[in-house]
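Peer 1: Sharing a structure with you now.
The values are calculated or read from the model by the stated rules, or taken from the named source; none is laboratory data. A quick note: this is a predicted structure, and the numbers were derived from the prediction, not measured. Cβ sites come from the backbone with ideal geometry, for glycine too, and all protein chains shown count toward neighbours.
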């Protein structure tokens, strides 16, 4: 049950990230600015983020020794740290002011954000195959 809830929370969280990142890549919504999309998605992230954490901790504790020994888990945690720092610093600023920046800046930030978060998701799935 915990794993199912974790996957649902991760899907909602990644969806909130992708909505903003796809906008940063240049896909326009009718009459919506970068900042408006980011504010809307922030509400989703505000609820999905803690849900991911609350369901991820029990998953970790159920197999802590296996995860501790897994280099893929360590890679995932490193990517997660990088993605979180990137999201709350540079990506947040560009999402708020992206309409006033050269077009390559939001596109680059959106691409890096997608790469980081997809790396977190893919490496999380890969943990099950790395025994």
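Peer 1: Taking the stated definitions as given, is residue 37 under 19 Å from residue 14 (Cβ atoms), in contact (Cβ under 8 Å) with a residue 12 or more places away in the chain and part of a helix (DSSP H, G or I)?
Peer 2: On the way: under 19 Å from residue 14 (Cβ atoms): yes; in contact (Cβ under 8 Å) with a residue 12 or more places away in the chain: yes; part of a helix (DSSP H, G or I): yes.
Yes; evaluated as a whole, the condition is true for this residue.
Peer 1: Another one. Would you pick out the residues in the range 60-80 that are surrounded by 12 or more Cβ atoms within 10 Å (Cβ to Cβ), touching a residue at least 40 places away in the same chain (Cβ under 8 Å) and assigned to a helix (DSSP H, G or I)?
Peer 2: Hits for the range 60-80 are 66, 67, 72, 73, 75, 76, 79, 80.
Peer 1: A further question follows. With in contact (Cβ under 8 Å) with a residue 60 or more places away in the chain and either part of a helix (DSSP H, G or I) or in contact with a helix residue (DSSP H, G or I) (Cβ under 9 Å, 6 or more places away or on another chain) (or both) as the only criterion, which of 85, 20 stands out? Explain how you work it out, then say what you get.
Peer 2: On the way: 85 fails: in contact (Cβ under 8 Å) with a residue 60 or more places away in the chain.
Sole residue among the options that is in contact (Cβ under 8 Å) with a residue 60 or more places away in the chain and either part of a helix (DSSP H, G or I) or in contact with a helix residue (DSSP H, G or I) (Cβ under 9 Å, 6 or more places away or on another chain) (or both): 20.
Peer 1: Continuing with the same structure: Name the one entry in 119, 98, 128 that is farther than 14 Å from residue 18 by Cα and crowded, with 16+ Cβ neighbours inside 10 Å. Before the answer, list the steps.
Peer 2: Working: 119 fails: farther than 14 Å from residue 18 by Cα; 128 fails: crowded, with 16+ Cβ neighbours inside 10 Å.
So the residue among 119, 98, 128 that is farther than 14 Å from residue 18 by Cα and crowded, with 16+ Cβ neighbours inside 10 Å is 98.
Peer 1: Among the numbered criteria (1) closer than 14 Å to residue 123 by Cβ; (2) surrounded by 13 or more Cβ atoms within 10 Å (Cβ to Cβ); (3) out of contact with any helix residue (DSSP H, G or I) (no Cβ under 9 Å at 6 or more places or on another chain), which single criterion is violated by residue 36?
Peer 2: Every condition holds for residue 36 apart from (1).
Yes/no matrix, rows are residues, columns are (1) within 28 Å of residue 128 (Cα to Cα); (2) modelled with pLDDT of 80 or more:
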| site | (1), (2) |
| --- | --- |
| 16 | yes, yes |
| 26 | no, yes |
| 30 | no, no |
| 35 | no, no |
| 40 | no, yes |
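Peer 1: Does the range 42-50 contain any residue that is part of a helix (DSSP H, G or I) and at pLDDT below 80?
Peer 2: In the first step, residues of the range 42-50 are kept if they are part of a helix (DSSP H, G or I); the result is 42-50.
Imposing the further condition that a residue be at pLDDT below 80 reduces the set to none.
So far as the range 42-50 goes, no, none of its residues is part of a helix (DSSP H, G or I) and at pLDDT below 80.
Peer 1: For the range 104-120, check the following and say yes or no: at least one residue is at pLDDT below 90, closer than 23 Å to residue 7 by Cβ and in contact with a helix residue (DSSP H, G or I) (Cβ under 7 Å, 6 or more places away or on another chain).
Peer 2: For the range 104-120, residues at pLDDT below 90, closer than 23 Å to residue 7 by Cβ and in contact with a helix residue (DSSP H, G or I) (Cβ under 7 Å, 6 or more places away or on another chain): absent.
Peer 1: Determine, yes or no, whether residue 57 is in contact (Cβ under 8 Å) with a residue 24 or more places away in the chain, closer than 22 Å to residue 123 by Cα and within 19 Å of the chain's Cα centre (by Cα). Break it down into steps so the answer makes sense when it comes.
Peer 2: Numbers: in contact (Cβ under 8 Å) with a residue 24 or more places away in the chain: no; closer than 22 Å to residue 123 by Cα: yes; within 19 Å of the chain's Cα centre (by Cα): yes.
The answer is no for residue 57.
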